[in-house]
Amino acid sequence: MSNKILISFLGTGDSKNREYKNVTYSLEGKKYESTFVASVISEHFIIPNKIIIGTAKSMWEELYRYYCERNKININEDYYLKLADLISDAGHTTKISTIELKNVEAVLGGNSKCIIVPYGLNRIEQLEILSKISTALDEMVSTNDEIILDITHSFRSLPLYSTAVINYLNDVKNKGAKIAQVLYGMLDAMK
């Protein structure tokens, strides 16, 4: 039986307020209001399994808060504040291992995975990005799964890394997964 898996990227939002704007998205004629397009896509296509990819500076704390509220889960204030503090000081030199995202994965639901990747500033970091994405996809993707790739808040070349890994898994490991859709939540039309 094939599953649907959402691969979405998490950005830094408004740099002053650490937030995304609340937006009304239209998807196949149906309207949704949300600050996180990943929630709209996963609700519309009924996708319980998500892979969220971001850097140490991405809005992990806001993703956690949003999904706690959305799923009516009591927010762990200590965890939220610790995560927010770590992320507010984060940058390209931050050790990724210092940021724990198990609580975020839990509130996302399903068999969801959060991946923190480096900025890709050199070959070593680029290889680490490929390795982290490859490991997560290899663990989560099964034969004939459908992948929906949301590139709305993608960081630089991360969608290209993801598609390269999906092609690798299909060609070398015979996963047979397919990218069913690539979606972009356009906000440019706002005034």
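The values are calculated or read from the model by the stated rules, or taken from the named source; none is laboratory data. Being a predicted model, the structure only gives us computed values, none of them experimental. Neighbour counts are summed over all protein chains in view; Cβ atoms, including those assigned to glycine, are modelled from backbone coordinates with ideal geometry. Side chains are part of the model used for accessible areas, which takes the heavy atoms of the whole protein and leaves out ligands, DNA and RNA. Shrake-Rupley method; radii C 1.70, N 1.55, O 1.52, S 1.80 Å.
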With DSSP loop assignment and no more than 16 other C-beta atoms within 10 Å, the trypsin sites (Lys or Arg not before Pro) in region 118-165 are 156
Taking the chain and counting helices only, DSSP H stretches of n ≥ 4 at -39,500 (n - 2.57) each over all residues, the nearest-500 ellipticity at 222 nm comes to -11500 deg cm²/dmol
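Working with all protein chains in place, sort 138, 89 by solvent-accessible area computed with a 1.4 Å probe, largest first. Don't skip to the end; give the middle numbers.
Working: 138 50, 89 130 Å².
Ranked list, largest accessible area first: 89, 138.
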Here the longest stretch of the chain that holds no GluC sites (Glu not before Pro) in a DSSP loop having at most 16 other beta carbon atoms within 10 Å is 101-191
The chain, convex hull of Cα, quarter of hull surface, nm² -> 11.3 nm²
For region 35-117 the trypsin sites (Lys or Arg not before Pro) that pass both the DSSP coil test and the at-most-14 other-Cβ-within-10 Å test are 72, 95
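Among all helices in the chain defined by DSSP H, which have a length of 20 Å or more along the axis from Cα atoms plus a Kyte-Doolittle mean of at least -1.0? All intermediate terms of the calculation are to be shown ahead of the outcome.
Numbers: long enough: 123-140 (26 Å, 0.02); 158-172 (21 Å, 0.66).
What comes out of the filter, once short or polar helices are dropped, is 123-140, 158-172.
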In region 10-106 the accessible area split gives carbon plus sulfur, as whole percent at 1.4 Å, a share of 48 percent
With N residues in region 82-121, Rg(alpha-carbon) / (2.2 N^0.38 Å) equals 1.27
Expressed in angstrom and rounded, the centroid-to-centroid distance over alpha carbons for region 89-113 and region 53-83 is 9 Å
If each K or R counts +1 and each D or E counts -1, the residues other than residue 48 whose Cβ falls under 14 Å of its Cβ total 0
Given chymotrypsin sites (Phe, Trp or Tyr not before Pro), DSSP loops and at most 16 other Cβ atoms within 10 Å, the longest exposed-site-free stretch of the chain is 46-183
Reported to the nearest 10 Å², residue 145 has, with a 1.4 Å probe, an accessible area equal to 0 Å²
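Any idea what the alpha-carbon Rg over 2.2 N^0.38 Å comes to for region 93-185?
1.11
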Heavy-atom accessible area of residue 186, protein chains in place, probe 1.4 angstrom, given in Å² to nearest 10, is 120 Å²
XL table 31/57; 57/113; 4/82; 113/175; 31/178; Cα-Cα > 24 Å flagged, in table order, is 31/57; 4/82; 31/178
Using a 1.4 Å probe on heavy atoms of the protein chains only, the accessible area for residue 23 in Å², nearest 10, reads 10 Å²
Quick calc, region 1-59, dipole around Cα centre from Cβ unit charges on Lys, Arg (+) and Asp, Glu (-), nearest 20 debye, gives 120 debye
